Structure formats: structure tokens, C-alpha cells
Amino acid sequence: MGRVLINDTTLRDGEQSPGVAFRTSEKVAIAEALYAAGITAMEVGTPAMGDEEIARIQLVRRQLPDATLMTWCRMNALEIRQSADLGVDWVDISIPASDKLRQYKLREPLTVLLERLAMFIRLAHTLGLRVCIGCEDASRAGGQALRAIAEVAQQCGAARLRYADTVGLLDPLSTAAQISALREVWSGEIEMHAHNDLGMATANTLAAVSAGATSVNTTILGLGERAGNAALETVALGLERCLGVKTGVHFPALPALCQRVAEAAQRAIDPQQPLVGELVFTHESGVHVAALLRDSESYQSIAPSLMGRSYRLVLGKHSGRQAVNGVFDQMGYHLNAAQINQLLPAIRRFAENWKRSPKDYELVAIYDELCGESALRARG
């Protein structure tokens with residue numbers, strides 16, 4: 001399988017997460033960090049939001065002249081012209097693909113919308129824009145509607161169709177079936193846009209690529225509406241590890257990128273967030289730690305060094321004697337069997353009482369209390 005384009009939409013769909021609003025400096029810094037991490041294609045905003053958003057998109061364009069930038073537009077001539085004036089490369093023209101959204105958003109039949117869509121595709125081309133047709137709510141659309149949209153898009157020279165699981169209802173098997181069916185009637189690029197309402201956005205994105213999608217949408221940390229979008233971190237590594245697809249992503253840059261976005265969004269990174277959470281390369285279980293002390297790959301399929309990190313061993317309720325000995329040995333304390341037997345119950349009590357693993361200085365304090373010189377003198 002060849003290369004798959006990651007078209008990151010943190011600066012558009014990610015920012016639609018409730019309460020998230022990037023300042024100009026934050027938006028530009030995130031775009032620059034994405035580009036530095038190897039993400040060269042980005043959906044950077046929506047001109048319809050007004051002058052401030054337009055100015056921010058202009059600034060991103062100025063700072064990243066070689067990036068491939070896209071804006072999201074409705075079927076609206078003004079928004080398409082604004083996109084061209086901004087100097088972006090692509091425009092995503094969104095059309096409600098499902099009966100439900102057409103009924104409640106535009107109240108027009110598909111035949112009428114397709115006539116207008118053809119006109120807007122031609123307009124975008126005359127303005128020098130490449131065109132992606134955003135099939136909004138595609139996962140609730142019938143096959144006939146998607147075929148009709150694809151036919152118009154192909155006739156008018158659109159380059160890409162975006163298949164949007166807008167409400168996040170798909171699973172990997174149904175995703176693969178939907179993309180395979182679309183591939184039968186569409187020879188151009190297919191972009192998968194997955195939402196995480198059922199916790200399957202990354203899996204659905206990988207399934208779409210397996211079935212013929214050529215580009216994918218992601219957001220940093222999976223930021224987005226409701227349960228969010230497919231996370232850049234897991235999609236990128238999943239593409240490379242599971243499908244053998246080259247992404248061009250510089251993985252050691254991702255932890256800092258995620259931290260930058262978390263700060264801008266005022267969202268704490270979950271300690272168990274895959275790949276970038278504080279605890280994802282941390283081990284406590286006695287069996288696991290004992291094995292890791294002998295072989296660092298025994299209970300890790302992903303090398304922490306890939307992300308510019310290292311694994312960490314901690315002690316707690318589930319630790320065993322080998323783990324206590326190994327962790328204290330790394331701290332420069334060489335324990336005998338009697339000391340290990342004294343320390344282990346105290347470490348387990350600490351974890352139960354404080355609901356966390358003791359830090360190094362707290363382990364030293366426990367050692368001093370139970371095994372230090374003063375403790376030995378007290379015992380006589």
C-alpha cells in the first residue's frame with residue numbers, strides 16, 4: 001500500500017469542540033507545529049465565520065507558503081471566492097448527503113442541490129481551487145444519493161470525495177463496506193472523516209484506507225464535537241504499523257504538539273491517552289515489571305523511544321518483590337530479602353491510601369522509616 005495523505009482538521013473541526021477557541025497566535029503556532037511534525041495538509045478554517053477567521057487563515061497561509069491548505073465552505077459562491085482570495089489550495093464544498101440533513105438544513109431535493117453543486121465546482125475551478133466534495137452525513141445516506149453526488153462530482157472534475165461519518169455511527173466492517181461501494185462508482189480520491197461517538201474513529205479510519213480511501217481527516221488528541229474525531233497520533237501510527245502505509249509523520253514531535261493543543265484548548269491530556277498520555281509507558285503490575293526488567297519489549301509493542309519517551313516502572317498495590325528490588329536498585333538502593341519484605345506491605349498501603357504510586361522521594365522516606373539507620377537503632 002502506498003502513501004496516504006493525512007489532512008488534519010484540528011484548526012477547523014477540532015476547534016468546533018465545545019468551549020475551544022484558538023487565539024490567532026495559537027492557531028498559527030499549531031499550524032506551524034503540525035507542519036514541523038510532517039503534517040503538510042491541513043483544513044484551516046471556515047471563511048463564513050467572518051473577518052477575524054479570514055485574517056487568521058491568511059496568516060497561516062503567509063507563515064506556511066508550502067503547506068497544502070483547505071477551507072470548508074457551504075454551497076455558497078461568496079465563501080468559495082473568499083477561499084480563493086485567501087490563497088488556499090483546496091476548498092471542501094459541503095453537501096448534505098442524507099435525507100435527514102437535506103430536510104432540516106436546506107429543505108431542497110437532491111436534484112436541485114446537485115445542479116447547484118455543479119455550478120459551484122465549476123466556479124471553484126475557474127478561481128484556481130482544487131475541489132473536495134464533502135458528503136456530510138454520508139453514513140446515513142443511501143447508496144443512490146452517494147452515487148448521484150459522485151457522478152456530478154466526476155462530470156465536473158472534482159478531485160476528491162470526503163465520506164463523513166458525521167454522527168459517528170459506523171464500525172470498521174460497515175466502514176469498509178461503504179468505502180468499497182463508493183470506490184466502485186468513484187475513481188478519484190476518497191477522504192475518510194470519522195467521528196468517535198462509539199470509540200471507533202481510528203479503527204474506522206484504518207478500515208476506510210484498507211477499502212480504498214486515499215486520504216484521512218484527523219485532529220490532535222481527537223479534539224472535536226461530541227466525542228471528538230479520529231486522533232492524529234493513533235491514526236498515523238496505526239497506518240504505519242497496521243497497514244504498512246508511509247505517513248511522513250515525525251513521531252517524536254507529537255507529544256509536544258499534543259501538549260501545545262491541550263494548553264490552547266484548556267483540556268488536560270488524559271493520563272492514558274494512547275501514545276502521549278503520562279501513564280502509557282508506565283508499568284506497575286508485578287508480573288509485568290519483573291518481565292520488563294529482563295526484556296523491555298516483553299510487555300510493550302510500541303517502543304517509547306518512537307515518541308521521544310522512555311518507559312517508567314512504578315510501585316503500587318500490584319507490585320511484587322522483584323519489582324520492589326528492581327525499582328530501588330535503579331534508585332541506588334540494593335535491598336536484601338528482609339528489606340523487600342518490609343517495604344512491600346508499606347508500599348501497597350501507600351497506594352491504597354493515596355490512590356497513586358509513591359514518587360521516588362516518598363519511596364526513600366518509606367525506606368528510611370522502615371530500613372534506615374534510625375529504624376534499626378529503634379529495633380535495638
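Where does helix 360-371 land angle-wise versus the long Cα axis of the chain, in degrees 0 to 90, nearest 10? Between helix and principal axis, roughly 20 degrees. By the helix-only formula, in which each DSSP H run with n ≥ 4 contributes -39500 (n - 2.57) and the sum is divided by residues, the chain has a 222 nm mean residue ellipticity of -14000 deg cm²/dmol.
In straight-distance terms, cross-link reach from Lys317 covers every one of the aspartates and glutamates whose alpha-carbon lies under 18 Å from its own, apart from those fewer than eight places away in the same chain; here that gives Glu284, Glu352, Asp360, Glu362. In the chain the Cα-Cα distances spread across 10 Å bins starting at 0 as 5, 21, 26, 19, 11, 9, 6, 2, 1, 0 percent of all pairs. On the basis of the beta-carbon distance and an R0 of 51 Å, Ser285 and Lys100 show a calculated FRET efficiency of 0.60. A Cβ-based charge dipole, computed about the Cα centre of the chain with Lys and Arg at +1 and Asp and Glu at -1, lands at about 300 debye. Multiplying the residue separation of Val364 and Ile302 by 0.36 nm and removing their Cα-Cα distance gives an extension gain of 19.2 nm. Rounded to 0.05, the FRET efficiency of the Leu127 and Ala177 pair, given R0 = 25 Å and the Cβ-Cβ distance, is 0.10. Normalised by the number of residues in region 177-324, the mean separation of alpha-carbon contacts (under 8 Å, six or more apart) gives a relative contact order of 16 percent. Couplings 3J(HN,Hα) for region 109-116, derived from phi with the Karplus relation 6.51 cos²θ - 1.76 cosθ + 1.60 (θ = phi - 60°), are x, 4, 4, 5, 4, 5, 4, 5 Hz, where x marks Gly and Pro. Expressed as an acute angle from 0 to 90° and rounded to the nearest 10, what is the orientation of the C-alpha long axis of helix 254-265 relative to the principal long axis of the chain? Rounded to the nearest ten degrees, it is 70. Close amide H contacts of Thr218 (hydrogens built in the peptide plane, cut-off under 5 Å, sequence separation of 5 or more or a different chain): Asn7, Asp8, Thr9. Proximity of backbone amide H atoms, modeled 1.01 Å from N, is registered between Leu223 and Asn229 at under 5 Å, excluding neighbours fewer than 5 places apart on the same chain.
Here's the picture: charge each Lys and Arg Cβ at +1 and each Asp and Glu Cβ at -1 in the chain, and of Ala67, Pro345, Pro47 the one pushed furthest to the positive end of that dipole is Pro345. Our summary gives region 10-78 a relative contact order of 36 percent, counting only alpha carbon pairs under 8 angstrom and 6 or more residues apart. Here the Karplus curve 6.51 cos²θ - 1.76 cosθ + 1.60, taken at θ = phi - 60°, turns the phi angles of region 165-182 into couplings of 8, 4, 9, x, 9, 7, 10, x, 5, 5, 4, 4, 5, 5, 5, 4, 5, 5 Hz, with x standing for Gly and Pro.
Please state the charge dipole magnitude for region 282-379, taken about the Cα centre, from unit charges on C-beta atoms (+1 on K and R, -1 on D and E), reported in debye and rounded to the nearest 20. In total the dipole reaches around 240 debye. Size check on region 1-109: the Cα extents along the three principal axes, sorted descending, read 44, 42, 29 Å. Look at the dipole of region 282-379 built from charges on Cβ: of Tyr333, Met307, His318, the Cα furthest out on the positive end belongs to His318. Pairs of C-alpha atoms in region 1-65 farther apart than 20 Å represent 24 percent of all such pairs.
Each residue of region 79-94 was assigned a 3J(HN,Hα) from its phi angle through the Karplus curve 6.51 cos²θ - 1.76 cosθ + 1.60 (θ = phi - 60°); the sequence is 5, 5, 5, 4, 4, 5, 5, 6, x, 6, 8, 10, 10, 9, 9, 8 Hz, with glycine and proline shown as x. Compared with the dominant Cα axis of the chain, that is its longest principal axis, helix 321-330 is turned about 80°. Identify which of Glu26, Glu233, Glu115 has the largest mean-square fluctuation in a Gaussian network model of the chain, with springs joining Cα atoms closer than 10 Å. Comparing Glu26, Glu233, Glu115 in the GNM, the peak value goes to Glu115. Only Cα pairs under 8 Å and 6+ residues apart enter the sum, and on that basis the relative contact order of region 174-246 stands at 30 percent. Look at where the Cα atoms of region 164-200 and of region 46-93 average out, and the two centres are 26 Å apart.
A short reminder: the numbers here are calculations on the coordinates, not readings from a lab. These numbers come from a predicted model, not from an experiment. FYI the Cβ positions are ideal-geometry reconstructions off the backbone, even for glycines, and counts take in every protein chain you see.
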